[in-house]
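The values are calculated or read from the model by the stated rules, or taken from the named source; none is laboratory data. This is a predicted model, so every value here is computed, not measured. Positions of Cβ are backbone-derived with ideal geometry, glycine not excepted, and every protein chain shown enters the neighbour counts.
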Amino acid sequence: MNKKSLQIEIVIVLILMLSLVFLLLGRQSNKAYASKQNQVITPKFTKIDADVSNVNIKVQEGSNYEVIFKRCKKIDAKVEKNTLYLKKAETSIHISMNIFDLFKRKAKPIIIIVLPKKELADMSVTNSNGSIKIRDIVVNQGEIDSSNGDIVIEHGNAQGYDLLTSNGHVIVNGKDNGNYYENNSDANRLLSITNSNGNIVIN
């Protein structure tokens, strides 16, 4: 074996060892990132005003008033005059040590709003890139605006609907209504939803 061949073999071994180290470090880093969760217990609120981006949003029933952040930095969540304000989400910048992660899709950050099953006076949610799911929440007036992502409302109490999607389907109780659905839009309890890209599903 000549000197040049030996040098090449040494370089190959070093590359393989470094790849193994980065792979192990990447797995540990990804595990910590995936489990990152912040929970904020808030005062009682009767309104929700959320303006966020690049996150999935869930609103659901629970025993306390709280906001849970998964895989994202804790954004400004505050209650003022009985209104929960959530403003632009700054998602965490995660630099992976694993080169193979360049080809993987990361799970989108999630914001979960939890509150007891009592009537909300108003709910205004704007999300520029992410899904919105609202379950078992009683709302007097609801307005949702999304530019990219499905919107799902389960077990709501709306008396009237004004639902529009530019690129998707409006499905109400299992029936596909094309891209627009309107019913009793003068009702006191009106749910108004506009979606630029994604389905609107009401169950």
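One residue stands out in the stretch 170-186 among those that are in a strand (DSSP E or B) and touching a Gly at 6+ places or on another chain (Cβ under 7 Å): the one that is farthest from Lys118 (Cα to Cα), namely Val170.
Hey, does the stretch 187-194 have a residue that's surrounded by 16 or more Cβ atoms within 10 Å (Cβ to Cβ), touching a strand residue (DSSP E or B) at 6+ places or on another chain (Cβ under 9 Å) and within 21 Å of Val114 (Cβ to Cβ)? Looking for residues that are surrounded by 16 or more Cβ atoms within 10 Å (Cβ to Cβ), touching a strand residue (DSSP E or B) at 6+ places or on another chain (Cβ under 9 Å) and within 21 Å of Val114 (Cβ to Cβ), one finds at least one in the stretch 187-194, hence yes.
Give the residue, chosen from Thr46, Thr42, Thr91, Thr83, that is at pLDDT below 85 and not aliphatic (A, V, I, L, M). The match here is Thr91.
The residue list Asn148, Asn167 contains one member that is under 19 Å from the mean Cα position of the chain (by Cα) and assigned to a loop (DSSP other than H, G, I, E, B), which is Asn148.
Considering the conditions (1) at pLDDT below 95; (2) of a type outside the set (Lys, Arg); (3) buried (at least 19 other Cβ atoms within 10 Å of the Cβ), Tyr161 is excluded by exactly one of them, (1).
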